[in-house]
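Student: Could you have a look at this structure, given as structure tokens, before my questions?
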Amino acid sequence: MAKINLPLIEIGLTAAIVAIEDDEPTILVASDAGKGEPRAGLPFGPFDPRNHRTFEIGLRAWVEAQTGLRVAYVEQLYTFGDRGRHLGEDSGPHVVSVGYLALSRMPDNVESLRSSAAGFEPWYRFFPWEDWRKGQPEILESAILPLLKQWAAGKQQPEAGRVLGRRERLRLCFGIDASPWDEEKVLDRYELLYEAGLVEEAKRDGREAALARATLPALGEPMRFDHRRILATAIARLRAKLKYRPVIFELMPPEFTLTELQLTVEAISGRHLHKQNFRRLVETGAMVEPTGEVSTATGGRPAARFRFRREVIQERPSPGLRLGGRG
């Protein structure tokens, strides 16, 4: 029987580690790129079955080795294995990356992280069109939508294997033609920009649509390998999970004010929330309880301090913040 030479496969573990700093959602970035590569990348490393009994154990070990950070909440996202989305794969094993979402409170020694080529960076640096807290981002009207509409007009019928045409996909992903903006479609929007050849990763991967453009617009900072795609998946998962799991409290300190909680939810969801409606939502959900203490940190009227009410997990199957329409 003839021997079959199968291609070499390497399993990589990649972590999108989220924390809140100064009311901004941040992502842990390991900045050790080689020459000609983007500076920013997520912490990652190969899975070693001889030393790591599970993927998650391997991930935690790599994160601590690269950044010095021990993560608590970890959730597997997806397996990323598309050909052409990992630099150097033509001369080595094909890398299949298992992506993870991890949540962490900002560590006290954050400065030591930054001094060791790892630090937390605002995630809207990589996805500036996703931050609607002060209204529609200017980059949408000035750059993204005109270019995407031009791209969509170039092909009216759906491509092979697709049910929807380009214009319809653009409408659903970016909320044009009176369609609502869905904050959970982070990955869909990035994938559409990639397909249209509008992000640097598409050009680096040799995509025809990107190579055909004389210049590319500056649409957020690119990342190494397929890390921006993994980050988009993590943001989308976290935004969705806010609505049916109390994951937001993994990012909060043990005690907090309702204003601090609202600012954190706004930071993650990328949307402004009406203050009274938000407080009514929190009270109705019975997810927090007062500590009896107050905060005077703002210098104004003292604000009551709260903590997460853990009993809610046993009381309801889906205890989350079911955010309504955009405020």
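Please treat every number below as a calculation from the coordinates, not as lab data. Owing to the predicted nature of the structure, the values given are computational and were not obtained by experimental measurement. In this analysis, Cβ positions are derived from the backbone assuming ideal geometry, glycine residues included, and neighbour counts consider all displayed protein chains.
Student: With label points built 7 Å along Cα→Cβ from the Cα atoms of Asp23 and Tyr244, find their separation and express it in nm.
Tutor: Spacing of the two 7 Å Cα→Cβ label points: 3.1 nm.
Student: Right, something else. Looking only at the chain, where both bridge partners belong to it, what percent of the DSSP beta bridges are antiparallel (to the nearest 5)?
Tutor: Roughly 70 percent of the beta bridges in the chain run antiparallel, per DSSP.
Student: Need one number for the chain: average projected area of the convex hull over its C-alpha atoms, nm².
Tutor: 21.8
Student: Can you pull out the GluC sites (Glu not before Pro) in segment 145-184 whose DSSP state is coil and whose Cβ has at most 13 other Cβ atoms within 10 Å?
Tutor: Glu159
Student: If you don't mind, there's one more thing I want to ask. Please enumerate, by chain and number, the aspartates and glutamates with C-alpha under 15 Å from the C-alpha of Lys241, excluding those fewer than 8 residues away in the same chain.
Tutor: Candidates past the 8-residue exclusion: Glu75, Asp182, Glu183, Glu184, Glu250, Glu266.
Student: Quick one: divide the alpha-carbon radius of gyration of segment 94-247 by 2.2 N^0.38 Å and tell me what you get.
Tutor: Taking N as the residue count of segment 94-247, the ratio is 1.14.
Student: With each pseudo-label sitting 7 Å past Cα toward Cβ, what's the Gln157-Asp188 distance in nm, one decimal?
Tutor: Between Gln157 and Asp188, the simple spin-label model gives 2.5 nm.
Student: To continue, here is another question. Under the definition of Cα pairs under 8 Å and six or more residues apart, what whole-number percent is the relative contact order of the chain?
Tutor: In percent, rounded to a whole number, it is 17.
Student: Need one number: nm distance between label points at Glu141 and His272, each 7 Å from Cα along Cα→Cβ, rounded to one decimal.
Tutor: 1.4
Student: Within 10 Å of each residue's Cβ, count the other Cβ atoms and sort Arg322, Arg224, Arg53 from fewest upward.
Tutor: So the ranking, lowest neighbour count to highest, is Arg53, Arg322, Arg224.
Student: To continue, here is another question. Counting other C-beta atoms within 10 Å, and keeping those with at most 12, which DSSP coil GluC sites (Glu not before Pro) do you find in segment 268-327?
Tutor: Those satisfying the criteria are Glu311.
Student: Still on this structure: Which length gain, in nm to one decimal place, applies between Glu208 and Arg280 when the Cα-Cα distance is subtracted from 0.36 nm times their residue separation?
Tutor: So the extension gain works out to 20.9 nm.
Student: I need Ile313, Ile230 ordered by Cβ neighbour count within 10 Å, fewest first.
Tutor: In order of increasing Cβ crowding within 10 Å: Ile313, Ile230.
Student: Enumerate the amide H contacts of Gly12 below 5 Å, restricted to partners 5 or more residues apart or on another chain; note that Pro and chain-start residues carry no placed amide H.
Tutor: Placed amide hydrogens put Phe47, Val96, Ser97, Val98 under 5 Å from Gly12.
Student: For the chain, which DSSP H helices look membrane-span-like by this rule: Cα extent along the axis of 20 Å or more and mean Kyte-Doolittle of at least -1.0?
Tutor: Length and hydropathy pass: 227-241.
Student: Anyone know which of Gly292, Gly206, Gly220 comes out most mobile in the 10 Å Cα GNM of the chain?
Tutor: Largest GNM mean-square fluctuation: Gly292.
Student: While we're looking at this one, here's another question. Estimate the FRET efficiency between Arg322 and Ala218 by the formula 1/(1 + (r/R0)^6), using the beta-carbon distance for r and 25 Å for R0, to the nearest 0.05.
Tutor: According to the calculation, E is roughly 0.10.
Student: Let me ask something else about it. Taking only DSSP H segments of four or more residues, each worth -39500 (n - 2.57), what value at 222 nm results for the chain once the sum is divided by all its residues, to the nearest 500 deg cm²/dmol?
Tutor: About -8500 deg cm²/dmol.
Student: Once you have the Kirkwood Rh of segment 245-315 from its Cα pairs, apply Stokes-Einstein at 25 °C and 0.890 mPa s and quote D in µm²/s.
Tutor: So the translational diffusion coefficient is about 192 µm²/s.
Student: So what's the gap between the Cα centers of segment 247-267 and segment 286-306, to the nearest angstrom?
Tutor: Between the Cα centres of segment 247-267 and segment 286-306 lies a distance of 12 Å.
Student: With a 10 Å Cβ neighbour count serving as the proxy for reagent exposure, in which order, fewest first, do Asp188, Asp23, Asp131, Asp226 appear?
Tutor: Ascending number of Cβ neighbours within 10 Å: Asp23, Asp188, Asp131, Asp226.
Student: Still on this structure: In segment 176-213, what trypsin sites (Lys or Arg not before Pro) fall in a loop by DSSP, with at most 16 other Cβ atoms inside 10 Å?
Tutor: Arg213
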